[in-house]
1. For residue 61, only one of the following conditions fails: (1) touching a residue at least 24 places away in the same chain (Cβ under 8 Å); (2) farther than 23 Å from residue 141 by Cα; (3) in contact with a strand residue (DSSP E or B) (Cβ under 7 Å, 6 or more places away or on another chain); (4) surrounded by fewer than 18 Cβ atoms within 10 Å (Cβ to Cβ). What is its number?
2. Could you grab me the full set of residues in region 72-121 that are over 16 Å from the mean Cα position of the chain (by Cα), under 23 Å from residue 41 (Cα atoms), β-branched (Val, Ile, Thr) and open to solvent by 40 Å² or more (accessible area, probe 1.4 Å)?
Amino acid sequence: MKKNDFVSSISAEIGANDAIKKISNVPEWWGVTFTGNAGKQNDEFTVKMGGDSFFHLTVAELIPGKKIVWLVTDCHMPWYSDKKEWADTRLIFELNEQNGITALTFTHEGLTPDVECYKDCEPGWTHWIQTSLFSYLTNGKGVFRPPTK
């Protein structure tokens, strides 16, 4: 990981294994059109954010109670000059449970301030992790908002 990859952290009163199950239930917190499965290693899924945009992801790593890594295998982001900007980037969820509180650190490896989408993706991810995922982990309901673009 580079030092300037996007990172966001939260802590919630939930067990790490339960948190992983909830993270894997993508449409409940990311507010996107979702097809496929994200619950176990090598699962594949697609996220759509409207129009002809899409993100194909693979669960590249899943360590129960500890870590999930999603690899973006293909994407189409029509609103940017590099429509494949997220391709080969990784979405990493690292969890550490202590006394019933799980600290979660999310890193979008490859999303750095020098890529075009950062200006939109940074506030987007901040919302989806800090607000929506946190809400889903703590009270069972994500907080949706329209896509940035």
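The values are calculated or read from the model by the stated rules, or taken from the named source; none is laboratory data. Nothing here was measured: the structure is a model prediction, and the numbers come from that model. Backbone-built Cβ (ideal geometry, glycine too); neighbour counts: all protein chains shown. Just the protein is used for accessible areas: all its heavy atoms, side chains included, with ligands, DNA and RNA removed. Shrake-Rupley method; radii C 1.70, N 1.55, O 1.52, S 1.80 Å.
1. Condition not satisfied by residue 61: (1).
2. Hits for region 72-121: nothing passes.
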